[in-house]
Amino acid sequence: MTTTTISEVKSINTPSVIQINADIPLDQALEELIRNSKEISITRGKRKGKFETGADKEGLELLPESSKERLQADGIDIQAGYPEAPPREDIPIYLDQAFEIRNYDVPFVDRGKNADPEKKSLFGAATEIINLTKNVGTEIVGLQLEDLTDQQKDELALLIAERVVVFFRDQKLSPSAQHKLGDYYGNVEVHAQVAHVPGLPGTTVIWNDYQVKKGMNLNFATSNLSNWDSTKYLNVGNQGWHTDLVHERQPAGYTHLHLDAIPDVGGDTIWSSGYGAYDKLSDEFKKFLDGKEAVYVSAHQYLDREDPFGGPKRIERVHPLVRTHPATGWKFLYVNRGMTKRIVGLSPVESDLVLNYLFDVYEKNADIQVRFKWTNSKQGYGTSAIWDNRISQHRNVWDHEGDQPRHGTRVTSLAEKPYFDPESKSQREALGKYLHQWD
């Protein structure tokens, strides 16, 4: 490779000038330029908006009072600013750098695998158990997540694995306790680019109001475009149907979002079941898909070291298209519109036709979905949703348009390497429920 140094020279009266000197490799020179030029955003692409690394004073000024009180009660130091982005020198520039993050096997045992199937400890301590729909979503009343015993946590993991998502309102939950619970459920994902609670990497900040202030193009007109065609319209503000971190060697398992600032109306979240999506398919189509693999891509993009001027590229990994859940033993469909690129072994046209149908199955069947309204009845408390990213897709609804603040923190626990057990059954098959036999 040609050796090159690229440096940026500025003067008072002239625009920036790029000087190129042949003494170090081109990829190293580009990385040096990108890391040293604050005008180049490496924390986010156009999809999310631009912000600097480190703690952000501007963000602290925007922070809702209820969020600030929760952080300060936990001893979180926000004097320097909020949120905190990873150090610029640690953010990957090149595809190979990003790919190597967590590119190794980590032991994982699903906490729900050996839990009491009747969940007597968890249900016995609750004052009420509410199934929000017949197939997806359960609310537990009368428990504080911070106070759960290990046995109750295990039973909760199994409940989430069965019901896709479980909700807890009126929670007095610190970010540190949220992180600790995530660590119990798996290996907490620390993202190389995403802003987090200061001093607590892995506790990601979910705050579209802030992103919009920093340049994210999220509004009434743009909020749903990616649900029509994700190849043309990037997903902004998590409004498009998606599953988190599908590109990981060991993708996301249990994910916990806690909102401490909630609009009076709007800002709901919708989940859809991968168990239900699989069971919507005919037996013949299931047989065709079982054992197939697909290519999954990252949400973030990086430069290709071998072709740095060829445009940004995404991490790619291959996983089973139909997976088996280790706790329930049920099959589920593992696809999402934004980050499932192609089915291995099919022509591009065949793959697109099949995948677009499978995306629609997930997104258009209301009987395998739940829409949750984030509300509290107690001042100074928040609401939590814990879902299984393996068996679901989700999306936010931007109908409040930032008129009232919406802020939260999220902890994602990475799970097992995806696998398919040909002897496993679908959810409805295992539960003895009706399955249509197509003529």
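The values are calculated or read from the model by the stated rules, or taken from the named source; none is laboratory data. Not measured: the values here are computed from a predicted model. Every residue, glycine among them, receives a Cβ derived from its backbone with ideal geometry; neighbour counts consider all protein chains shown.
Among the residues of the stretch 422-437, write down those that are within 13 Å of Ser282 (Cα to Cα) and part of a loop (DSSP other than H, G, I, E, B).
Residues satisfying the conditions are Ser426, Tyr434, Leu435, His436, Gln437.
Has the stretch 313-331 got at least one residue that is without any contact (Cβ under 8 Å) to a residue 60 or more places away in the chain and more than 28 Å from Gly112 (Cα to Cα)?
no
Could you please find all residues in the stretch 408-421 being closer than 27 Å to Asn103 by Cβ and assigned to a strand (DSSP E or B)?
Thr409, Arg410, Val411, Thr412, Ser413, Leu414
Across the stretch 60-99, what is the total count of residues that are aromatic (Phe, Trp, Tyr) and assigned to a loop (DSSP other than H, G, I, E, B)?
Residues that pass the stated criteria total 1.
In the stretch 313-331, what residues are over 11 Å from Glu416 (Cβ atoms) and in contact with a helix residue (DSSP H, G or I) (Cβ under 6 Å, 6 or more places away or on another chain)?
Lys313, Ile315, Leu321, Val322, Thr328, Trp330, Lys331 - these are the residues of the stretch 313-331 that are over 11 Å from Glu416 (Cβ atoms) and in contact with a helix residue (DSSP H, G or I) (Cβ under 6 Å, 6 or more places away or on another chain).
Would you mind stating whether Val166 is aliphatic (A, V, I, L, M), farther than 27 Å from Val109 by Cα, in the same structural domain as His258 (by TED's automatic domain parsing) and outside any loop (DSSP other than H, G, I, E, B)?
no
Using the structure shown, decide if Lys153 is surrounded by fewer than 23 Cβ atoms within 10 Å (Cβ to Cβ), within 23 Å of Arg88 (Cβ to Cβ) and touching a helix residue (DSSP H, G or I) at 6+ places or on another chain (Cβ under 7 Å).
No, not satisfied.
How about the stretch 253-270: which of its residues are assigned to a strand (DSSP E or B) and either free of Cβ contacts under 8 Å to residues at least 12 places away in the same chain or within 20 Å of Leu173 (Cβ to Cβ) (or both)?
Gly253, Tyr254, Thr255, His256, Leu257, His258, Leu259, Asp260, Ala261, Thr269
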